[in-house]
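Quick notes on the structure that follows.
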Amino acid sequence: MDVSPPVPLGRPVRTAVIGTGFVGPFHVDAVRRGGYGEVVAIAGSDEGRTRERATALGVERATTDIASLLDDPLIDVIHVCTPNRTHVELASAVLEAGKHLVLEKPIALDSVAARGLADLARQRARHALVALTYRGYPMVRRARALVAGGELGDLRLVHGGYIQDWLSDATDYNWRLEPELGGASRAVADIGSHWFDTAEYIGGRRVEAVFGDLATFLPQRSRPVDGGTAFGASTGPVEEVAVRSEDAATILFLFEGGARGAAVISQVSPGRKNALTVELAGSKATLDWQQEDGEHLWIRDREASRQLTRRPEDGPPPGPGTPSLPAGHPEGWAEALRDLLRPFYAAVARGQPSGEAHADYPTLDDGARGVAFVEAVLASSRLGGWVDIADMEGT
């Protein structure tokens, strides 16, 4: 098996980040604050914007030449934080170049391409993490442990949602609205896939089938002639365009073992910024977690309810770098991304075979499952009935 050598003793893991939009700079920050290594380059499609980003972030090298990063023997890891349609091409090139990979989701626009990418990572024996960030929250990891330890009893119901408002007006626009760039699904692929993964991760049960209903409440939008940015308003001339993806979805779930579930997914709910919630009810107790109050968990039974907070002994997942903040010092999304990367970078630094680390971080197999979930929801909405996720995975 092609096992990557450990990073030479005495030098940090060297990282490049491709993508200068919303999420790329957070990856730069996560690598640095985690103490994993050194961000040596940032790449983008626009030379001027890439230079500006590099200067603002204190990254020495700015480039639009992706090939130069792939050919650089001193770069160990490349993060791909670009529009969805570019993920397969760039991620494949990273793996073929012998680099380790961090990839934003969705990892591909269809299940065939997603499965091919996961297979390529195995063939090349490279570590490849998909940025399912919510797994990095300390209280999400604790919730998973509580469920696995039998705190809830037999799982019965899983419900919640992921609700935002950043596309709630007809004047809101972003490349994710264009299927050519973002894929056939928008709300489900962008945030519904996070809810799906978080529910499966905490509950320890796979979803077998889904029944989805999609809605587009704003069939026309004003697209800025010079493009739009995520979570920000655009100014200047606009053109009216038809919307070809869903604003929201309601989805029913059937979990292995017989548990049922339901979720509301929306990017058009005014006043809701990033409201991801998951509640799991078992035969003994109910557990719920809200991302916007991520330091707390609630456990409820017939006699009482109790709120759990982070304890001093709740440390970060294994890995290099600085520890998580002490209990009472709130950690949020950026810290979750930082902690998600810990075991990945530890494995890269040690030269650990990629197959041995799959339980420690979300891999491209997890990302491929997320793509199959999205396709199952789309198919269900078209057919008006239940669709098995396994049918989309090709298993």
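The values are calculated or read from the model by the stated rules, or taken from the named source; none is laboratory data. Computed from a predicted structure; not experimentally measured. Ideal geometry is used to build each Cβ from the backbone, glycine not excepted, and the neighbour counts take in all protein chains shown. We work out accessible area using only protein heavy atoms, side chains counted, and drop any ligands, DNA or RNA first. Shrake-Rupley method; radii C 1.70, N 1.55, O 1.52, S 1.80 Å.
Structure values in brief
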read-out	value
Number of the exception - Ala97 against (1) under 22 Å from the mean Cα position of the chain (by Cα); (2) open to solvent by 10 Å² or more (accessible area, probe 1.4 Å); (3) hydrophobic (A, V, I, L, M, F, W, C)	(1)
So Val348, is it touching a strand residue (DSSP E or B) at 6+ places or on another chain (Cβ under 7 Å), modelled with pLDDT of 90 or more and assigned to a helix (DSSP H, G or I)	yes
Residue among Ala275, Ala248, Ala259, Ala263 that is surrounded by 22 or more Cβ atoms within 10 Å (Cβ to Cβ), farther than 18 Å from Tyr173 by Cα, touching a strand residue (DSSP E or B) at 6+ places or on another chain (Cβ under 8 Å) and not acidic (Asp, Glu)	Ala263
Sole residue being more than 23 Å from Gly294 (Cβ to Cβ) and not in a loop (DSSP other than H, G, I, E, B), chosen from Glu246, Glu279, Glu239, Glu200	Glu239
Any hit, the stretch 238-248, residues being closer than 20 Å to Val387 by Cα and hydroxyl-bearing (Ser, Thr, Tyr)	yes
Some residue of the stretch 152-165 being touching a helix residue (DSSP H, G or I) at 6+ places or on another chain (Cβ under 6 Å) and assigned to a helix (DSSP H, G or I)	no
Contacts under 9 angstrom Cβ, first residue in the stretch 202-223 being within 30 Å of Leu146 (Cα to Cα) and open to solvent by 80 Å² or more (accessible area, probe 1.4 Å), partner hydrophobic (A, V, I, L, M, F, W, C) and in a loop (DSSP other than H, G, I, E, B), 6 or more apart	none
Selected residue (criterion: nearest to the chain's Cα centre (by Cα)) from residues of the stretch 154-165 that are of a type outside the set (Asp, Glu) and open to solvent by 30 Å² or more (accessible area, probe 1.4 Å)	Ile163
Count of the stretch 25-65 residues which are in contact (Cβ under 8 Å) with a residue 40 or more places away in the chain, open to solvent by 40 Å² or more (accessible area, probe 1.4 Å) and not charged (D, E, K, R)	2
Residue in the stretch 75-91 that is over 27 Å from Ala113 (Cα atoms), open to solvent by 70 Å² or more (accessible area, probe 1.4 Å) and touching a residue at least 12 places away in the same chain (Cβ under 8 Å) present	no
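Residues are listed down the side, and each one gets a yes or a no for (1) of a type in the set (Phe, Trp, Tyr); (2) modelled with pLDDT under 95; (3) closer than 19 Å to Ser381 by Cβ:
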site: Ala189; (1), (2), (3): no, no, yes
site: Trp195; (1), (2), (3): yes, no, yes
site: Tyr201; (1), (2), (3): yes, no, no
site: Ala215; (1), (2), (3): no, no, yes
site: Arg223; (1), (2), (3): no, yes, no
site: Thr229; (1), (2), (3): no, yes, no
site: Ala233; (1), (2), (3): no, yes, no
site: Ile251; (1), (2), (3): no, no, yes
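Yes/no per residue for (1) at pLDDT 95 or above; (2) more than 28 Å from Asp391 (Cα to Cα); (3) not in a loop (DSSP other than H, G, I, E, B):
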residue	(1), (2), (3)
Arg33	no, yes, yes
Arg51	yes, yes, yes
Leu74	no, yes, no
Ile78	yes, yes, yes
Glu89	yes, no, yes
Ala93	yes, yes, yes
Gly98	yes, yes, no
Pro106	yes, no, no
Ala143	yes, yes, yes
